[in-house]
Amino acid sequence: MKRPLTALLLLSSACLAAAQDATASAPDGVPALANPTLGELFRAGGPLMWLLLAFSVFALAAIAWLFATLRAGATAPRSLVRDALDKIRQGDLGEARKICEDRPCPFARVAIAAIDTARGLPAGDVSAALSAAVEGEGARQAAVLQGRAQWLLDVATIAPMVGLLGTVLGFFAAFQGIGSDLVASAKPVVLAQGVALAIITTIAGLLVAIPCLVFYAWFRRRAERQVALLEGLASDLVTVLLSRRGAVR
């Protein structure tokens, strides 16, 4: 127990001395710790910063994509719903299906499944089969809608792990700096670089993960609203199809 504690105390005192020395002055190619620029912080974080940068770019693209797709106009456009239901009320299921094929979306896929089921069944009680077909396709579309935000959760889970890896590598470099020389004469710049790598990658990983978690929670609730909208329209679709059951061929 005493040896690990002694090593940690020696490392802490050496890192503090290194940070103080590096703040005062640093050789060429090593950024000073006092008032560093973003570029200097990025370089001090090491190669893992490029991976975290890639995660942040991917997260921004995913957020923009979710804003475009997780909305009522993309899930069930009003004009499509109106035109499809009007054609079904008129008994023209073929035209209603064509309208849905021309404008693919979650509602269109549910409507196509319902129309195909209604047209393929013999005359009689089709309510059970029609409801099953709509529920099955609706469940698939709901899973797709709710799964779109999963990318953000994945990034929010992986990014802190990458930052933690940078932390481990940074302290490993600091231990190497101590092990290569006597503690009293350990090179301050080597220690400062190791500590900077540990701290910067950890902060960067959290800065990527926290906004991703916030947007994931928000888009998850938005997806739930889209699923509720789709369920209501699917119920209306079944009602309209059953009311025109005599026209189904």
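The values are calculated or read from the model by the stated rules, or taken from the named source; none is laboratory data. Quick caveat: nothing in here was measured; it's all calculated off a predicted structure. Heads up, the Cβs are rebuilt from the backbone with ideal geometry, glycines too, and the neighbour counts pull from every protein chain shown.
Side notes on the structure shown:
- Every pair of residues 6+ apart whose Cβ atoms lie under 8 Å, when the first sits in the stretch 72-96 and is in contact (Cβ under 8 Å) with a residue 24 or more places away in the chain while the second is polar (S, T, N, Q) and buried (at least 18 other Cβ atoms within 10 Å of the Cβ): 72/226; 75/226
- The stretch 135-176 - residue that is under 14 Å from residue 205 (Cα atoms) and of a type in the set (S, T, N, Q) and, of those, surrounded by the most Cβ atoms within 10 Å (Cβ to Cβ): 167
- Within the stretch 75-110, the set of residues being within 29 Å of the chain's Cα centre (by Cα) and not hydroxyl-bearing (Ser, Thr, Tyr) comprises 76, 77, 78, 103, 104, 105, 106, 107, 108, 109, 110.
- Among helices (runs of 4 or more DSSP H) entirely within the stretch 1-81, having at least 3 residues that are modelled with pLDDT under 80 and loosely packed, with under 10 Cβ neighbours inside 10 Å singles out 2-24.
- Selected residue [modelled with pLDDT of 95 or more and in a helix (DSSP H, G or I)] from 213, 237, 242: 213
- If you check 227, 190 for being buried (at least 16 other Cβ atoms within 10 Å of the Cβ), modelled with pLDDT of 90 or more and either out of contact with any strand residue (DSSP E or B) (no Cβ under 9 Å at 6 or more places or on another chain) or under 29 Å from residue 63 (Cα atoms) (or both), only one passes: 227.
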